[in-house]
Every structure is written in C-alpha cells, then in structure tokens.
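The values are calculated or read from the model by the stated rules, or taken from the named source; none is laboratory data. Since the structure is predicted, the reported quantities are computational estimates derived from the model, not experimental observations. Glycine also receives a Cβ, built like all others from the backbone with ideal geometry; neighbour counts cover every protein chain displayed. Calculation scope for accessible area: heavy atoms of the full protein, side chains included, ligands and nucleic acids excluded. Shrake-Rupley method; radii C 1.70, N 1.55, O 1.52, S 1.80 Å.
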Amino acid sequence: MSTPRTRIGSGAGFAGDRVEPAVDLLNRARLDDLVLECLAERTIALGQQRRLADPDTGYDPRLLDRFERLLPIATARGVRVVTNMGAANPIAAGAQTRRLLDRIGSPATVAAVTGDDVLASLDLDAPALEDGRPLRAHGEIVSANAYLGADAIWPALDAGADVVVTGRVADPSLFLAPLAHRLGWDLADPASAAAGTVVGHLLECAGQLTGGYFADPGYKDVPGLAELGFPFADVTGDGTARLGKLPDTGGLLSRATVREQLLYEITDPGAYHTPDVVLDLRQLAVTEQGRDAVLVTGAVGRPRPDRLKVSVGYRAGHRVEAEISYVGPNADRRAVLAGEVVAARLAGTGLAPRIEVHGAVPVAASQGAAIPVGWAEDAPVPECRLRVAALSHDRALVETVGHEVEALYTNGPAGGGGVRVRSGEVIGIVSTLIPRSSVRPAVTLMEAADARPTA
Amino acid sequence: MRVLLHELAHCRAGDKGNTATLSVFPYDDADYPLLVRELTADRVRAHLASHVGGEVVRYELPNLVALHFVCHQVVDGGVTTSLALDTHGKTLSSRLLSLPLDLEDRR
C-alpha cells in the first residue's frame, strides 16, 4: 500500500468570508475534510454578550446561512466539516446544525467541542501579557476563552463525527486534528504536529493563500480576482504538503503568495507557539510545481507548550467615529479649521478625541460598475475628510462628539458635507497564559434524532 | 539612484494585538543581500516612527528569501480599542513600501 494521503480544503478565512468558493470546493475538489475558520479574537466576546441576553444564541450569526449552502453537499459527498462557528455557544450551534441535518434528512453526526470557556475559573488578578496590569484592571471582564488544541477535537473525530463545531480553538489546530486523524499521526509527535500546523497556518485565511490580499496592479497581478478560488492541500503521511486550487477559478497560488501567508502574524519565525507544537518555520522549503501548485516541506517542531493562551474580553467603553468632507480649493485648510473647532468645543469634557484629516489627493468615485481610471488626473479637485474618533465609558459624552461634527453643517467652515456618525460598544481583548491542566475540553455528540453527552 | 522599496519588494502585514508583523520579499531573489544591507531594523523603525512606538526586531530568513519585522507597540494599536481608521494596522505594509532606498548602480 502506498503512503497515506488526504485532501483538506479551506472554506472560510474569517466570519465575513464568501461562501461560493467553499461550495465550489465541495462540488469539485474531492475533499476529505473542509475547515471553516470564522472566529476572530473579539468575536467570541461579542457572542458571549448575545448569549447573556439569550441563552440559545452566542454562536456565529451566519452559521445557518453557511451550513444551509454547504452541508447538503458535504454530507452527500462524505466530506467532513470542521468549524469554530460555535463561538461562545458550541452546544447551541451544534443543536442548530442537528436540526438543519434532520430537516434535510441527513443521518450525519454532529459534535460540539466545549471547554474553552474558562471565565469561571480564571484568576483575574493575573497579569495581562500585553501590559502586565492585572486582567481585572482593564474593565469589567465579560469572557475568557482558552485556545484549545487538536487534542480537544480528536475525540469527536474518533467518535465518527461528520460535522464538528467548536468554540475557541487555535486556528491551525482546526486543520491539524482532521489531518492527523486521517493520516494516523500521533499528536504528541512534534514533527507531525509541525507539518500539520504549517498546513493549517497556510490554509486558515482561505483566499489569502490563493491571491486574495495580494494584488498590486502592475506589480503583483492576480488573474480573475473577482472569481477568487479557495485553496486545498494534499498532505501525505511524511508531512509533505502540496497546495492547490481548482481549475477554472480566479486567483494565484505561487511561491510569493505562499511565502506572504507563511509569515503572516508570526511574531517569532523560530518559535511559533500553538497548543499543539512550537513550530520553527526557518528551514521550510517552498517550491512551485507548475501552475497554481506549490510544495511545502521541512517544518520543524518542538514539544507543545505547557501553558495555553487565554483571550480575555472586557468592556472598554463606547466608541464614536464622525466624519465630514471638504472639497476643492483650500479644502485642507477648511478641514483643519473644522477639526480645531470641534476640538475647542469638546475641550473640558475629559474626552481625548483623535482628530485627523484624510485625503488631499483626489479620489476616484463612481455610481455604476466601473471606477473611472484616470479620473483623478482629469479633475484635480482636492478632497479632504475630517475624522474625529473618541472612546469613553460615558455613552452620553461619546454621543456629543457626533453631535459636534454634525453641527459643523451650520456652525463650521464653508462647504462641509457628507457627515457620517457611527458609534457602538467596544469589547477590548487582552490575553494571559494558564496551565494546560486547568482546561478540560469535552465533546458532545448529537446524532440523528438524539442528543446525548459523552465524556 | 533613488527608488522606493515598492519597486524591489512586496510586503504583507499581520497583527497580534498591538504588535505588527511586516514581511518583506524581494521580487528578484538576487536583491535579498541588498535588502539585508539596506533595510535594517533601525531604518524601518525610523520610517514608521509615527506609527510604531516600541522596538522593531528583524528576522533574516534566507531560506524563505524574506526579511521579517516584528514591530512592538503599534501606536493606537490593539484592534479592539484603537481609535485609528485602520485598527488592525494592515496598511503598514504599504507604508513600509514607500520607504526610499538610495542605491548605487545595482548591476
């Protein structure tokens, strides 16, 4: 028998990602697994807020929209799906998924992974990694979620789950778990964990590997960006990964796109800490193998850290952003004067607003489909936009910033227009480390017409 | 000859809280030694002075033909509580590419 091999696809790289490329992967790529990464740092804190208001919510609000498109295809084709769309409530997300599968008559098994919520046991006097101050000093704490690893997902895969819904799990672990399970890897083996973590790190942002967030016209051209396809990886038992994308999709998968994604958000290329491994990227080899095919080998791993990172959400106050435009001759000086007027009117409130003028260079604009190229040169009319932003726990005070910018209409310099004001509550995020032993992941299986907890 | 870094290299920004990562890749691998020589951590720190308040650490990655800069204490950083327009600092990559390089006749 030849060396084992599996194909894993990336179906979402953030909560707002497009769905069509994932549908295309399911239909045409003959995947074994599809992973959807949809959980940014503070998304879970926002989910926690929703859950406090309604115990049946707190998971990704787009979960059902996505799954209604994806699961009928995935279950029909036998593609296993792993996602962190459970956010602050994986059990409720699992139950919703179960109902959806029942509705379409699928016997597929759902598993919810929990245990990342450590708010009840967290020492709030522990220092934040960011500034060394005690966690509780930052504000009212509303959430605390540990980054679980691949080992938390493993029991769900062992139990035969077809759809796995998690809360906070380290992004690469969402990929490492199904890879290791398919390929018979031991998660305790740093070499395997490193290889799978590299694949997960490269795939976790979906289209960012295949030419999304890459194009720079005339310098880095990406064909068919509007029809950007998402990536998959063919991974073999020895840890070799061949990255690819579907034919007849837009985008670009090259040594350049892979290297950009490889170092994305890496704060130490020799020691990238995940719950599964300490990864060394420095000796990786990235080799193009023809069009839209790149081979990645050479990941080095050291044993996983003893402590897990915890993302802690706190109430940081209310933020307002207010803007107004000035156009034409002397636009910059009128915008600056407007900023000075707002600053003077807010003086003494205790607010420390950020006041800035953007632009001064003509901006292209259009009403229809095409943005007129070269418009700026034909009509060199300067455009400036004053922006005032502030943050405070005093909501009423924050609202006055918007009022003062709007008041520039009749109480400010000549010719201001296009006021927009936005405000909302801000959840801040700080982090800390806790011993691995204080986190207890659990899996809840939800089989067809049944929902029973297991160890 | 004075050229912008943009002519020689491409860059990707990433963010972890108020730390920004900036990875720089020459279009032509042969320009890597030039980037190692010219694009020091101090130059990057100076060019981004109004945006980066803390230390800039440079990692040389010859195997990947990349320079990787880890910038600490991004001003107004912290995705969640920042008052900046670009709360992530994603546009720092293009800011870095506007860095001018004074080159002798290269080849």
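Quick notes on this structure:
- In this rough spin-label picture, where each label sits 7 Å from Cα along the Cβ direction, the residue A:409-residue A:448 distance is 6.0 nm.
- Taking a point 7 Å from the Cα of residue B:72 along the Cα-to-Cβ direction, the residues of the range A:407-436 with backbone N closer than 19 Å to it are A:430-433.
- Mean accessible surface per residue for the range B:2-76, computed with a 1.4 Å probe while every protein chain stays in place, in Å²: 40
- Computed Kirkwood radius, in angstrom, where 1/r is averaged over Cα pairs of chain B: 14.0
- Cα point-scatterer Debye curve for the range A:130-285, base-10 log of I(q)/I(0) at q = 0.10, 0.14 Å⁻¹: -0.44, -0.80
- Computed with a 1.4 Å probe over protein heavy atoms only, the accessible surface of chain A comes to 42 Å² per residue.
- Computed from the C-alpha gyration tensor, the three semi-axes of the ellipsoid equivalent to chain A are 42, 29, 22 Å, from longest to shortest.
- Point-charge dipole on Cβ atoms (K/R +1, D/E -1) for the range B:2-76, about Cα centre, debye to 20: 140
- Accessible carbon and sulfur surface of chain B relative to its total accessible area, %, 1.4 Å: 49
- Estimated from the Cβ-Cβ distance and a Förster radius of 41 angstrom, the FRET efficiency linking residue B:2 and residue A:396 is about 0.20.
- The reciprocal of the average 1/r between distinct C-alpha atoms defines the Kirkwood hydrodynamic radius, which for the range A:50-117 equals 12.3 Å.
- Size of the A/B contact, given as accessible area buried on both chains, probe 1.4 Å, in Å²: 3300
- Convex hull (Cα only) mean projected area of the range B:5-47, reported in nm² to one decimal: 3.3
- Look at the dipole of the protein assembly as shown built from charges on Cβ: of A:27, B:19, A:192, the Cα furthest out on the positive end belongs to A:27.
- Share of carbon and sulfur in the accessible area of chain A stands at 52%, probe radius 1.4 Å.
- For the range A:204-230 versus the range B:44-59, the inter-centroid distance based on Cα atoms is 28 Å.
- Cα-derived Rg over Rh, computed across the range A:1-151 with Rh taken as Kirkwood radius: 1.04
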